[in-house]
Amino acid sequence: MNALGRRAPSVIAHRPMTVSDLDQVMAIETAAYPFPWSRGHFTDSLAAGYLAELRVFGRELLGYSVAMAGVEELHLLNITVAPAHQGQGHARALLARLGEVGRAQNAAQIWLEVRESNARARRLYEQWGFEAVGLRKGYYPAPHGEREHAVVMRWALDGGGIAGSGAGHDVD
C-alpha cells in the first residue's frame, strides 16, 4: 500500500528465476507440455548459470525462458507461457527480452529447436525473424516411444525482430 492507503498497481516485469520459483515453474511446465522438462533440468540450468528469467505480474508467473550463452550466441532452451496467459503477447515479450540480453552480451544470433509439428510456435518464430536452418531427426520424445524431428532455427540479432529491440512456450 502507498501513503494514501491504496495498493500500488502491479506491473509486468522480468526477473531472474531462482530455485524457490521452481514449484510455480513446474506447475506451468507440466500444464503446458505432454513431455515437460523435469525439475532437474531447471535445477541444472540454474546451477550452470544459464540465463533463466521469469515474466511476472506481481506475484503471478506468466511465463519464463531459459537460454545458454555460447561464443557470440545464445541458445534458447525453453520458452513457456502459462496456458491461461497464452495469446496475450508474453512469448513475444520474452523473445524481445532475450534479444536485448543477447545484444548486451554481443551475441550475433540466437538458436533454438522447435517441434516440427508445432506450427504455432514456428509461425511466431518466423514472424519474429528466426529462419529455419536445419533439422534434428528424432530430437523430441513423442507418444508411444516414438521420436519427433526438431526444426533448428536461427535469429540474426542484427535483424531486429518484429518489435525491434524493445517489445512479447507454448507460444503466446
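Roughly speaking, what % of Cα-Cα pairs in region 69-118 are separated by over 14 Å, rounded to a whole number?
Roughly 57 percent, rounded to a whole number.
What is the calculated FRET efficiency for Ser38 to Ser117, with r their C-beta to C-beta distance and R₀ = 25 Å, to the nearest 0.05?
0.70
Can you give the extra length, in nm with one decimal, that the chain gains between Gln105 and Glu146 once fully stretched, where that is 0.36 nm per residue apart less the Cα-Cα distance?
Working it through step by step, the gained length comes to 11.0 nm.
Once you keep just the Cα pairs under 8 angstrom separated by 6 or more residues, what percentage relative contact order results for region 12-159?
Relative CO of region 12-159 lands at 18 percent.
Could you give me the ³J(HN,Hα) list for region 148-153, computed from phi with Karplus coefficients 6.51, -1.76, 1.60 and θ = phi - 60°, whole Hz, x at Gly and Pro?
10, 6, 10, 8, 8, 10
Does region 1-148 come out rounded, prolate or oblate, given a ≥ b ≥ c as the square roots of the eigenvalues of its C-alpha gyration tensor, rounded meaning a/c under 1.5 and, failing that, prolate meaning a/b above b/c?
Prolate shape, in that a/c is at least 1.5 and a/b is the bigger ratio.
If you average the sequence gap of Cα pairs under 8 Å that are 6 or more apart and divide by the length of region 19-79, what percent do you get for the contact order?
22
A short reminder: the numbers here are calculations on the coordinates, not readings from a lab. A quick note: this is a predicted structure, and the numbers were derived from the prediction, not measured. Note that each Cβ is placed from the backbone with ideal geometry, even for glycine, and that neighbours are counted across all protein chains shown.
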